[in-house]
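Student: Structure provided below as structure tokens; questions to follow.
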Amino acid sequence: MNQKNATRVPVSTGHFTVLLSPTPRGARLARLLAVQWLRDREVPYEVTETAAHIVAELAANAATHGRVGGRSFRLVLRASPATLRIEVTDTRAEALPALPVPAPESESGRGMLLVEALADRWGVVLGPVPGKTVWAELGLPAHRRPGTRAPVARALS
């Protein structure tokens, strides 16, 4: 398959889906593809930048903690007039994201704290077996009051 055609996104769709390798390179590609898809839809800069950070973290988690040899992770972006939803599905349901309190000298362990701070809502949905989907939502500007965030909802279902 021609690599250029594999990553082309039709501009008329309201969602984007791609399977990526669970590697640092796959996580980086997830962020780059998400940013391009959002720019093509003229999503405001601040929402695009926030979404890029969330995608980077969720994809890095899928590549690091959700990795199973030979299995890809899936990135899905869904845009509605009110909300941008980011979903990352991997194949390790037992490795659920957490909000740890890392030691100040720790070099890692703050990723989900970043998602918590940036997203209006986020959560986890178990399945399809053996996987899980970690999702985050951002309200789009016409539906978000400046300086406010919606309450965080974490659902396991």
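Student: With respect to Arg31, is the statement that it is touching a strand residue (DSSP E or B) at 6+ places or on another chain (Cβ under 6 Å), open to solvent by 70 Å² or more (accessible area, probe 1.4 Å) and at pLDDT 95 or above true?
Tutor: Working: touching a strand residue (DSSP E or B) at 6+ places or on another chain (Cβ under 6 Å): no; open to solvent by 70 Å² or more (accessible area, probe 1.4 Å): yes; at pLDDT 95 or above: yes.
When the stated conditions are applied, Arg31 does not pass them.
Student: Any chance you could count how many residues in the range 47-81 are modelled with pLDDT of 95 or more and charged (D, E, K, R)?
Tutor: Summing the residues that are modelled with pLDDT of 95 or more and charged (D, E, K, R) in the range 47-81 gives 4.
Student: Pairs under 6 Å by beta carbon, first residue in contact (Cβ under 8 Å) with a residue 60 or more places away in the chain in the range 80-92, partner surrounded by 24 or more Cβ atoms within 10 Å (Cβ to Cβ), six or more apart or different chains?
Tutor: Asp90/Ala62; Asp90/Gly66; Asp90/Phe73
Student: With the structure loaded, tell me whether Asn5 is modelled with pLDDT under 95, outside any strand (DSSP E or B) and within 11 Å of the chain's Cα centre (by Cα) or whether it fails that test.
Tutor: Values: modelled with pLDDT under 95: yes; outside any strand (DSSP E or B): yes; within 11 Å of the chain's Cα centre (by Cα): no.
The answer is no for Asn5.
Student: Any idea which residue in the range 36-82 is nearest to Gly123 (Cα to Cα), counting only those that are open to solvent by 30 Å² or more (accessible area, probe 1.4 Å) and among the hydroxyl-bearing types (Ser, Thr, Tyr)?
Tutor: Ranking the candidates gives Thr50 first.
Student: Moving on. Confirm whether Leu118 is under 15 Å from Ala60 (Cβ atoms) and either in contact (Cβ under 8 Å) with a residue 60 or more places away in the chain or buried (at least 17 other Cβ atoms within 10 Å of the Cβ) (or both). Full working, then the answer.
Tutor: Working: under 15 Å from Ala60 (Cβ atoms): yes; either in contact (Cβ under 8 Å) with a residue 60 or more places away in the chain or buried (at least 17 other Cβ atoms within 10 Å of the Cβ) (or both): yes.
Yes; evaluated as a whole, the condition is true for this residue.
Student: Just to verify a result, which residue in the range 99-115, among those that are surrounded by 11 or more Cβ atoms within 10 Å (Cβ to Cβ) and either aliphatic (A, V, I, L, M) or closer than 23 Å to Leu29 by Cα (or both), is modelled with the highest pLDDT? Write out each step before concluding.
Tutor: Start the filter on the range 99-115 by keeping residues that are surrounded by 11 or more Cβ atoms within 10 Å (Cβ to Cβ), which leaves 99-100, 102, 109-115.
Next cut, either aliphatic (A, V, I, L, M) or closer than 23 Å to Leu29 by Cα (or both) only: 99, 109-115.
Numbers: Leu99: 80, Gly109: 70, Arg110: 82, Gly111: 87, Met112: 92, Leu113: 91, Leu114: 93, Val115: 96.
In this case the residue turns out to be Val115.
The values are calculated or read from the model by the stated rules, or taken from the named source; none is laboratory data. Keep in mind that what you see is a predicted model, and the values were worked out from it rather than measured. For neighbour counting, all protein chains shown are included, and Cβ atoms are generated from backbone atoms with ideal geometry for every residue, glycine included. Quick note on the areas: whole protein, heavy atoms, side chains included, nothing else; ligands and nucleic acids left out. Shrake-Rupley method; radii C 1.70, N 1.55, O 1.52, S 1.80 Å.
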